[in-house]
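For reference, the structure discussed in these notes is given below.
The values are calculated or read from the model by the stated rules, or taken from the named source; none is laboratory data. What you are looking at is a predicted structure, and each value in this text was computed from that prediction instead of being measured. Cβ placement follows ideal geometry from the backbone for every residue including glycine, while neighbour counts extend to all protein chains displayed.
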Amino acid sequence: MTQATVRIIRQEHAALSAMLRSIVQLLEQHRRKGTLPDFAVLRAMLFYVDEFPEKRHHRKETELLFPRLRARTPISRDLLDKLDEDHARGERRIRDVEHALLAFEMMGESRREAFEQTVGEYVDFYLGHMALEEREILPLAERVLTEDDWRDLDEAFAQNRDPLTGHVADFEYNALFTRIVNVVPAPIGLGPAL
């Protein structure tokens, strides 16, 4: 039986992957058309990435899941250290993306390529990070954690659920979620079709 924590992590990874891929697709669409993107939409999408995954999802992995794994097994400690470092670097990397977006918005076309490159590197980094967690860490957790571990983790991960996974968060995140899904075109995968 798959634990609730594992399902929640996979759902949040899927939502984040969809958001990141949507940003890339949105930029590609505007590049093909020779138009500037809607910067307010991009800011909202990046704000979501910064707020939910960086500040809530990662924190629960780093502060709750990874320490329990370290306590139960010596396997994958180097990998857990790398993932913790990724979490720490992720906050800096999203700031770089947000700065590149601001430069593109303020300076115009001359900064498009730098922004797109920064976004592409961030997306590649993040998708690789999540794939590693799902391929290595979640199966390890399912093998070595106890029922008590899972009970505590399930309770913690069930709080502050990501609204992009279909769960109600607090009011201000619901407003952000609504804003994003109402402005991102449905063919990209986050629009009203959700």
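Gln159 passes every criterion in (1) at pLDDT below 95; (2) under 22 Å from Lys82 (Cα atoms) apart from (2). In the set (1) of a type in the set (A, V, I, L, M, F, W, C); (2) over 24 Å from Val181 (Cα atoms); (3) at pLDDT 95 or above; (4) surrounded by fewer than 17 Cβ atoms within 10 Å (Cβ to Cβ), the condition left unmet by Leu36 is number (2).
On the basis of being over 18 Å from the mean Cα position of the chain (by Cα) and exposed (fewer than 14 other Cβ atoms within 10 Å of the Cβ), does Asp78 make the cut? Explain how you work it out, then say what you get.
Values: over 18 Å from the mean Cα position of the chain (by Cα): yes; exposed (fewer than 14 other Cβ atoms within 10 Å of the Cβ): yes.
Spelling it out, Asp78 is indeed over 18 Å from the mean Cα position of the chain (by Cα) and exposed (fewer than 14 other Cβ atoms within 10 Å of the Cβ).
Just a yes or no: is a residue in the stretch 70-78 assigned to a helix (DSSP H, G or I) and either among the polar types (S, T, N, Q) or touching a Cys at 6+ places or on another chain (Cβ under 8 Å) (or both)? Spell out the reasoning first.
Here is the first cut: in the stretch 70-78, the residues assigned to a helix (DSSP H, G or I) are 70-72, 77-78.
From the residues that got through so far, the ones that are either among the polar types (S, T, N, Q) or touching a Cys at 6+ places or on another chain (Cβ under 8 Å) (or both) too are none.
Among the residues of the stretch 70-78, not one is assigned to a helix (DSSP H, G or I) and either among the polar types (S, T, N, Q) or touching a Cys at 6+ places or on another chain (Cβ under 8 Å) (or both), which makes the answer no.
Residues that are under 17 Å from Ala15 (Cβ atoms) and hydroxyl-bearing (Ser, Thr, Tyr) within the stretch 29-76 comprise just one, Tyr48. Does Asp96 satisfy the condition of being touching a Phe, Trp or Tyr at 6+ places or on another chain (Cβ under 9 Å) and either modelled with pLDDT of 95 or more or not aliphatic (A, V, I, L, M) (or both)? Yes: the conditions hold for Asp96. Would you confirm whether or not the stretch 107-121 contains a residue that is surrounded by fewer than 18 Cβ atoms within 10 Å (Cβ to Cβ) and within 22 Å of Ala14 (Cβ to Cβ)? Yes - at least one qualifying residue is present in the stretch 107-121.
Given the residues His30, His58, which is the only one that is of a type outside the set (Lys, Arg), assigned to a helix (DSSP H, G or I) and under 22 Å from Ala158 (Cβ atoms)? Talk me through it step by step, then tell me what you get.
Working: His30 fails: under 22 Å from Ala158 (Cβ atoms).
The match here is His58.
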